[in-house]
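Undergrad: Right, I'll just put the structure down here and ask away after.
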Amino acid sequence: MSSTYGFDRGVESNNSARQFRAHANLTVNASPKLDFTTSLNFVKLNNHLGTDGGVSSMLGAEFGHIGVFTPARGFFPNEPPELITDLYDNTDEANRFTGSITFNHRPIGWFSQRFIAGLDYTGDNGKSLERFAPPKYAVFLSPTAAAGTIAQVLRNNLFLTADYSATATFDVTSSIKSASSIGGQFYRTQVDTSFVGGLGFPAAGVEAVSATATPLQSHQDRILNTTVGAYGQEQFSWNDRLFLTGALRVDNNSAFGENFKWITYPKVSASWVVNEEPFWHESFINTLHVRAAYGESGRAPAVFSALRTYLPIQGPLGSNAITAGAYGNPDLKPERGKEVELGFEAQLFKRLDLDFTYYNKHTLNEIVPHAVAPSTGFSQLQFVNIGQVNNHGVELQATFRAITRPSFRWEITGNIATANNKIITVGDSNPVIGIGQNNIAGYPIASYFAKKVISADRDPKTGGATNIMCDGGPGNGPVSCDVAPLLYAGNPTPTLTGAIGNTFSIGKRLRLYALVDFRHGNKLYNFVEEARCAG
């Protein structure tokens, strides 16, 4: 059993965090063939998150001298800092309980089974409060802002899991062993969210939603998602050197389309400990383990994306009515990934450890939004399985023990990896997913697209740019930037990453560590430069 309590104060007077944790584990050996373990955890949080006054403070430092003799004392934007910390409060209260129980049963020597059940519940109360302003603060605010506001989100999250597995082991021959496994899983997620809020408190000290003069529109949401899966696996080993594994898994998810029920995922893998073979005589290669695998996996659609939905509206004479929402797709199925992986692990000269992996993955049936015909009466997009993405790369990790003395050790570790992805098909939607980012066939995921300026003149009077011309695209000359196309400018995913670290161990009590890492081939959006240019 264990328990902790923590209390932290932030840099603002209304910024603090309280946290209480309790944890208990219990293991019971009921018999030589049966044991069970329980784990119970409880966390209580009470956080006052302060206010978003950082930008105002920064600008105040730049421009405060302008109004230093005003009631705001030069603070930007014309509000003293105590107004923000006294009136505004963002809080988050949460209670979380997680529990699990595990049964291990070994009725006979060649058969074992295990069952795990778990529960994860969180009750969260998030509140944004702007209090009623007393006269000393009201002079800095509009009448509406001085009356105060409150917005509150109540959320209950419940996750239930159950997992059963059983394994039977046999000696097929003196050199071949078999391990047969079956299992099943159940996952259920339920998220209930409620929002309440209001504008305008009648007096100072009143902070209840029911006391506001203008209630905000409240709403409730419930999300339910259930997954049921089962699998079977067979593994053969030969002289504990060669291992072959084959498996098959089936899944069903409540977010699948009505016309699609079960999906099957196969897996096959092989590994070989080469250095234990009688023919192996390479003394400088101490160990060599090669492996290969092919497997398929999937990702279920988002909740409700397959359903046809309708939205509530007010009908004639104040009656209740509905209008078309999402068109839905009864044939919607999960995204499917097919991946091949090859690799090896080796040790050379008893000093150098290597771990190499090559992977190539094709993701089919990517779920993308697709426009529907106006004649259907539905204006929202429909989710369909028409996308495809390919990605591949290599990963190499190495550890070199350069010096190994009783009083001094020097170890060098490094890794390098490549990652390349390309969208093969995405339908006709090409949705904008961020600032200047799009998913377009032939380019990496979430690539940046922008107009490319190639020439401009400077106005001698204003100093501004004139006669701005942009790249007109492949096969086209310069064109006015008003009509120029968006061109590929890069993608946010690094195509090359790596790191190298050095660890020096001096005696038994001192260790020095240094690490350098890098990434290459990606672009990031520079908001600072954008703000400077816009200003």
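Undergrad: Restricting to Cα pairs below 8 Å that are 6+ residues apart, what does the relative contact order work out to for the range 218-287? Please round to a whole percent.
TA: Values: 93 pairs, mean separation 19.2, N = 70.
This gives 27 percent for the range 218-287.
Undergrad: Another question, if that's okay. On a C-alpha basis, how far is the centre of the range 128-189 from the centre of the range 345-368 in Å? Whole number, if you could?
TA: That distance is 31 Å.
Undergrad: Let me ask another. First measure r as the distance between the Cβ atoms of Tyr294 and Phe349, then evaluate 1/(1 + (r/R0)^6) with R0 = 35 Å and state the FRET efficiency to the nearest 0.05.
TA: E between Tyr294 and Phe349, to the nearest 0.05, is 0.60.
Undergrad: Which angle from 0 to 90°, rounded to the nearest 10, does the C-alpha axis of helix 54-63 make with the longest principal axis of the chain?
TA: Taking the Cα atoms of the chain, the angle to 54-63 is about 50 degrees.
Undergrad: In addition: Rounded to the nearest 0.05, what FRET efficiency is calculated for Ser165 and Asn320 with R0 set to 45 Å and r the Cβ-Cβ distance?
TA: After rounding, the FRET efficiency stands at 0.35.
Undergrad: Given a 1.4 angstrom probe, I'd like the percentage of the accessible area of the range 442-515 that is carbon and sulfur, rounded to a whole number.
TA: For the range 442-515, the apolar C and S fraction of the accessible surface comes to 58 percent.
Undergrad: Just going by the charge dipole of the chain, with Lys and Arg at +1 and Asp and Glu at -1 on Cβ, which of Ala371, Gly126, Asn329 is farthest out on the positive end?
TA: In the chain, that residue is Gly126.
Undergrad: Beyond 14 Å, what share of the Cα-Cα pairs of the range 195-248 remains, rounded to the nearest whole percent?
TA: Tail of the P(r) past 14 Å holds 73 percent of the pairs.
Undergrad: Then there is this: Quick one: compute the contact order of the chain, relative version, from alpha carbon pairs under 8 angstrom and 6+ residues apart, as a percent. Mind dumping the intermediate values first?
TA: On the way: 1343 pairs, mean separation 32.5, N = 535.
Value for the chain: 6 percent.
Undergrad: If the chain between Asn125 and Arg308 were fully stretched, how many nm would it gain, using 0.36 nm times the residue separation less the Cα-Cα distance?
TA: 62.7 nm
Undergrad: Here's another thing I want to ask about it. Scale the Cα Rg of the range 113-171 by the rule-of-thumb value 2.2 N^0.38 Å and send over the ratio, two decimals.
TA: Against the compact-globule rule of thumb, the ratio is 2.53.
Undergrad: Excluding Gly343 itself, calculate the net charge of residues whose Cβ lies under 12 Å from the Cβ of Gly343, where each Lys or Arg counts +1 and each Asp or Glu counts -1.
TA: Once all neighbours under 12 Å are counted, the net charge is -3.
Undergrad: Over the alpha carbons of the chain, what is the largest minus smallest coordinate on each principal axis, giving the biggest first in Å?
TA: So the extents along the principal axes, rounded to whole Å, are 90, 71, 67.
Undergrad: Residues of the range 269-297 with backbone nitrogen within less than 12 Å of a virtual label 7 Å along the Cα-to-Cβ line of Leu342, please, listed as ranges.
TA: The answer is 291-293.
Undergrad: If you don't mind, another one. In whole angstrom, note down how far apart the Cα centers of the range 14-38 and the range 387-415 are.
TA: 36 Å
Undergrad: Here is a follow-up. How compact is the range 212-292 by the rule of thumb for globular proteins, expressed as Cα Rg over 2.2 N^0.38 Å?
TA: Normalised by 2.2 N^0.38 Å, the Cα Rg of the range 212-292 equals 2.18.
Undergrad: Kirkwood-based Rg over Rh for the range 80-209 (C-alpha set), two decimals? Present the calculation step by step, with values, prior to reporting the outcome.
TA: Working: Rg = 28.1 Å, Rh = 19.8 Å.
Rounded to two decimals, Rg over Rh is 1.42.
Undergrad: Say each of Arg509 and Cys481 gets a label point 7 Å from the Cα, pointing the same way as Cα to Cβ; how far apart are those two points in nm?
TA: A separation of 6.4 nm, rounded to one decimal place.
Undergrad: Write down, largest first, the equivalent ellipsoid semi-axes of the range 398-504 in whole Å, where each equals the square root of 5 times an eigenvalue of the alpha-carbon gyration tensor.
TA: On the way: eigenvalues 432, 102, 22 Å².
So the three semi-axes of the range 398-504 are 46, 23, 10 Å.
Undergrad: Could you grab the Rg to Rh ratio for the range 272-341? Cα atoms only, Kirkwood for Rh.
TA: Radius of gyration over Kirkwood radius for the range 272-341 works out to 1.58.
Undergrad: Starting from the Cα of Glu530, step 7 Å along the direction of its Cβ; do the same at Thr38; then give the gap between the two resulting points in nm.
TA: Distance between the two pseudo-spin positions: 5.3 nm.
Undergrad: How much area per residue is accessible in the range 229-340 when the probe is 1.4 Å and only protein heavy atoms are counted (Å²)?
TA: Heavy-atom accessible area per residue stands at 58 Å².
Undergrad: Projected onto the charge dipole of the range 458-521 (+1 at Lys/Arg Cβ, -1 at Asp/Glu Cβ, origin at the Cα centre), which of Pro474, Phe518, Ser505 gives the Cα projection farthest towards the positive end?
TA: Of Pro474, Phe518, Ser505, it is Ser505.
Undergrad: Oh, and also: Evaluate the distance, in nm, between pseudo-label points positioned 7 Å from the Cα of Ser254 and of Ser283 along their respective Cα→Cβ axes.
TA: Inter-label distance under the simple model: 6.6 nm.
Undergrad: With viscosity set to 1.306 mPa s and temperature to 10 °C, compute the Stokes-Einstein D of the range 266-386, Rh being the Kirkwood radius across alpha carbon pairs; µm²/s, no decimals.
TA: D, rounded to a whole number, is 83 µm²/s.
Undergrad: Can you give the relative contact order of the range 98-188 as a percent, counting alpha carbon pairs under 8 Å and 6+ residues apart?
TA: Across the range 98-188, relative contact order equals 29 percent.
Undergrad: Which ³J(HN,Hα) values, rounded to whole Hz and listed in residue order, are derived for the range 34-41 from phi using the Karplus coefficients 6.51, -1.76 and 1.60 in 6.51 cos²θ - 1.76 cosθ + 1.60 with θ = phi - 60°, glycine and proline given as x?
TA: Going residue by residue, I get 9, 9, 9, 10, 10, 9, 10, 9 Hz, with x marking Gly and Pro.
Undergrad: State the volume of the convex hull built on the alpha-carbon positions of the range 333-393, expressed per residue in Å³ and rounded to an integer.
TA: Convex hull volume per residue, Cα atoms: 84 Å³.
Undergrad: Within a Cβ distance under 14 Å of Ile116, other residues only, what is the Lys/Arg minus Asp/Glu net charge?
TA: Here the count lands on -2.
Undergrad: While we're on this one: What size of dipole, in debye to the nearest 20, comes out for the chain about its Cα centre when the only charges are +1 on Lys and Arg C-beta atoms and -1 on Asp and Glu C-beta atoms?
TA: Dipole size: approximately 1000 debye.
Undergrad: Starting from a Cα-only point model with no solvent, please compute log10 I(q)/I(0) by Debye for the range 466-518 at q = 0.13, 0.21 1/Å.
TA: -0.59, -0.83
Undergrad: Taking the Cα centre of each part, how many Å lie between the range 192-227 and the range 239-308?
TA: Here the two parts' Cα centres lie 48 Å apart.
The values are calculated or read from the model by the stated rules, or taken from the named source; none is laboratory data. Keep in mind that this is a model prediction, so the values were computed, not measured. Heads up, the Cβs are rebuilt from the backbone with ideal geometry, glycines too, and the neighbour counts pull from every protein chain shown. These area figures cover heavy atoms from the full protein model, side chains too; ligands, DNA and RNA do not enter into them. Shrake-Rupley method; radii C 1.70, N 1.55, O 1.52, S 1.80 Å.
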